[in-house]
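Here's the structure, in structure tokens; my notes come after.
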Amino acid sequence: MNKKSWLIGFFLSLVLVIGYQLRVKNSVNVPLPGQSLDEYSNAWVGLSLIRLGVPVGISGLSGIATYPSYINPDRVFSSTVPGGALAISYPWFDHPPLMGLVSGSVAYLRGDRVFEDVSTATIRKPIIWLSTLNIALIFLLAYLWFSPLTAVLAALLYATSPLAIVGGRMVQAENGLVPMWLISLCLLALAEKYNKTDLIRLAAFFAGLAVLFKLSGVVAIISGVLIIRKRRDLIEFLAISISIALLFVFYGLAIDGREFIAVLMSNAERTYGIGLNAVYDLITSTKITSTKYLTDGWPLVGWLALGALALKRKLSPLVICLTSYLAIYLLFGSVSYGWYRIPFLPFLFIAAGYFLAEGITGLNPLLSVIVLLIPLGINLGKIFEGNPLPWLISIFRFGTFGLILLALTSLVWPEKRILSLAVRAGLLLLLVAAIASNIVYAKMIDVNYWYKVN
Amino acid sequence: MGFLKKYFIAYGIVVLLLVVFLKWHKEKSFSNDLLTQMLTAQSRSKYRTDDPCLYTLAGEPEVAGQYLKLTFLCPGKEARFSLDYRAIVKKTVGGAIEELFRLNGVTLDSSKLKCKQGGREVSLTDPIVNQDNIECLVL
């Protein structure tokens, strides 16, 4: 291994450690236990599949028999769950079972046997591992699609973004879907690079697995189909991925065919929250549960970067993935729940990483400077909420004023190399400050802070 | 033999094994007793108390008319609860108290309670109907 590889390896390990630590800290209480009962329901599905051979969970579907029951893990009925009993249904087929099996297996291995044993302290652990794995996968994908610098930035941003950190703790199927999709995309990129058909077959397997976490994982198949160029590879990819996804049907039919079909029909007729302002809401807000918004500027940077990328390059896999999921997001009417947005994040962070890397190495750092002020300003605003420091505000005002003017001047006189170097140094400084503010803000989000988030 | 042909033969075997395993596992493992135990047994890590006023239940059931109100008068304090009537399995005063105690990890012996419904004294075996309002004094 050469010096560059060692350096990259060391950096990635460091980012993984930081990302993991930030995800683990306060993970038991933020988001509050019970704020999404799906977290428990997913684990109960896995636990009941292991112990009973039948999935049991909370159902939100109409026309399906449910049994009102009180189950009080983490004493949620004394805190976040107001009043009513839970609509327990069995066999539970609302979603495919893989997220249930992941969280339920960990709960079972740690000794949980009944539903009330399940606690966020146990079931969020595997999700944090998956979310940390995502950091490495984002690094690899950005490396294969763009450049080492984009990979470094994208991984660093995803590892430290407060939204990605808190969202990456929740036992939601999207947190299983994402790593499967990313693995599939990494394999497709490697297959193209080394011209290996076997890797495409393996990519198809993981794309199929994404569907076994949630039906919206079909995006992994759609994006794969749009990325693959050769007809023969395309046929194999489709055949393998669809056949893996169809295991959900065989699973349902084997356990209770009649109930499975009834749930599928009810799911097809399900209407919830497809607001006509869904795209505006998606771009301008950062929702995390069904009610909580955690303000984070990085996704907006990602959306702006996507626009720049779509204008500049020929259709890139990144644009394919983001827009394919946008189509699925709108089809599934996902605006009501923050966790439906989780699959956007890896791609928004890769886009942001690409945009900032272009600012550092490319011709025009001005836009990168302006865009960086979004997350930096938000983070500083949150960190110093209620306690504004006059010296900091002065630095921010005059520093950004000077940097923007400097960047403009460097564009007016491009032949003055010293100006361009000064702007890039300023941009790097801003980037370091933004990442440091990410870490400080993320560490601030404990249970007391969480109560104030709205 | 092409790759896909070999793949689908292997796939067919895997599906067959999966279906057989799932059916066998359900047949062998499922019982209503175990299901009830999993749904109702209390957590091994749950803190137990003999004070029925220590823990509250947040909010009200969101089911029109399908509720039961329980009030406990403990020494120096009182606690009010609204339960979803449909979730109470044994439709008696004792059944409702048992359900609430299970939910909150209360170990108090129900015989140490003196309960009233609409000013009239009731026993633990008396039936309940939805919208009942029961008040129990902890002796």
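The values are calculated or read from the model by the stated rules, or taken from the named source; none is laboratory data. Computed from a predicted model, the values in this text were never measured in an experiment. Backbone-built Cβ (ideal geometry, glycine too); neighbour counts: all protein chains shown.
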Quick one: A:Lys314 ticks every box in (1) touching a helix residue (DSSP H, G or I) at 6+ places or on another chain (Cβ under 9 Å); (2) over 20 Å from A:Tyr280 (Cβ atoms); (3) of a type outside the set (A, V, I, L, M, F, W, C) except a single one, so which number is it? (1)
How many of the residues in region A:304-326 are assigned to a helix (DSSP H, G or I), touching a residue at least 12 places away in the same chain (Cβ under 8 Å) and over 16 Å from A:Gly359 (Cα atoms)? 9
Pull out all pairs, ordered by first then second residue, where Cβ-Cβ is under 6 Å, the residues are six or more apart or on different chains, the first lies in region B:43-58 and is within 17 Å of A:Gly83 (Cα to Cα), and the second is polar (S, T, N, Q) and modelled with pLDDT of 90 or more. B:Tyr55/B:Asn104
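Let's see how each residue does on (1) polar (S, T, N, Q); (2) out of contact with any His (no Cβ under 6 Å at 6 or more places or on another chain); (3) more than 15 Å from A:Arg51 (Cα to Cα):
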| residue | (1), (2), (3) |
| --- | --- |
| B:Lys6 | no, yes, yes |
| B:Leu16 | no, yes, yes |
| B:Leu22 | no, yes, no |
| B:Asp33 | no, yes, no |
| B:Gln42 | yes, yes, yes |
| B:Ser45 | yes, yes, yes |
| B:Asp50 | no, yes, yes |
Mind listing just one residue for me: the one in region A:423-452 that is free of Cβ contacts under 8 Å to residues at least 24 places away in the same chain and over 21 Å from A:Val28 (Cβ atoms) and, of those, surrounded by the fewest Cβ atoms within 10 Å (Cβ to Cβ)? A:Val432
Tell me, which residue of region A:106-130 that is in a helix (DSSP H, G or I) and within 14 Å of A:Val45 (Cα to Cα) is nearest to the chain's Cα centre (by Cα)? A:Ile123
Among residues of region A:348-401 being β-branched (Val, Ile, Thr) and touching a residue at least 40 places away in the same chain (Cβ under 8 Å), the residue farthest from A:Ile418 (Cα to Cα) is A:Ile383
Would you check if A:Glu259 is buried (at least 17 other Cβ atoms within 10 Å of the Cβ), within 14 Å of chain B (Cβ to nearest Cβ), of a type outside the set (Lys, Arg) and over 26 Å from A:Glu39 (Cβ atoms)? no
From the list A:Ser27, A:Ser62, A:Ser69, A:Ser79, which one is of a type outside the set (A, V, I, L, M), under 23 Å from B:Tyr55 (Cβ atoms) and touching a residue at least 40 places away in the same chain (Cβ under 8 Å)? A:Ser79
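Conditions (1) exposed (fewer than 15 other Cβ atoms within 10 Å of the Cβ); (2) under 30 Å from B:Arg102 (Cα atoms); (3) out of contact with any helix residue (DSSP H, G or I) (no Cβ under 9 Å at 6 or more places or on another chain); (4) hydroxyl-bearing (Ser, Thr, Tyr), marked per residue:
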{"position": "B:Ile9", "(1), (2), (3), (4)": "yes, no, yes, no"}
{"position": "B:Val15", "(1), (2), (3), (4)": "no, no, no, no"}
{"position": "B:Leu18", "(1), (2), (3), (4)": "yes, no, no, no"}
{"position": "B:Ser29", "(1), (2), (3), (4)": "no, yes, no, yes"}
{"position": "B:Ala41", "(1), (2), (3), (4)": "no, yes, no, no"}
Quickly run through region A:244-256 and pick out the residues that are farther than 12 Å from A:Trp92 by Cβ, buried (at least 19 other Cβ atoms within 10 Å of the Cβ) and of a type in the set (Val, Ile, Thr). A:Ile244
Taking A:Leu406, is it touching a helix residue (DSSP H, G or I) at 6+ places or on another chain (Cβ under 6 Å) and either at pLDDT below 90 or of a type outside the set (Phe, Trp, Tyr) (or both)? yes
Does region B:14-27 contain at least one residue that is within 7 Å of another protein chain (Cβ to nearest Cβ), in a loop (DSSP other than H, G, I, E, B) and farther than 22 Å from B:Lys91 by Cβ? no
Counted residues in region B:36-55 being more than 7 Å from chain A (Cβ to nearest Cβ) and in a helix (DSSP H, G or I) come to 2
Looking for something within 7 Å of another protein chain (Cβ to nearest Cβ), of a type in the set (A, V, I, L, M), surrounded by 14 or more Cβ atoms within 10 Å (Cβ to Cβ) and not in a loop (DSSP other than H, G, I, E, B) - is there at least one such residue anywhere in region B:69-87? yes
How many residues does region A:44-103 contain that are small (Gly, Ala, Ser) and either at the interface with chain B (Cβ under 7 Å from one of its Cβ atoms) or part of a loop (DSSP other than H, G, I, E, B) (or both)? 13
On the basis of being over 14 Å from the mean Cα position of the chain (by Cα) and either part of a loop (DSSP other than H, G, I, E, B) or charged (D, E, K, R) (or both), does B:Ala64 make the cut? yes
Looking for whichever is modelled with pLDDT under 95 and facing chain A (nearest Cβ under 7 Å) here; the options are B:Gly65, B:Gly59. Which one fits? B:Gly59
So which of A:Tyr40, A:Tyr108 ends up being closer than 20 Å to A:Gly176 by Cβ, at pLDDT 95 or above and crowded, with 21+ Cβ neighbours inside 10 Å? A:Tyr40
Filter result for A:Ser420 (at pLDDT below 90, of a type in the set (Ser, Thr, Tyr) and surrounded by fewer than 16 Cβ atoms within 10 Å (Cβ to Cβ)): no
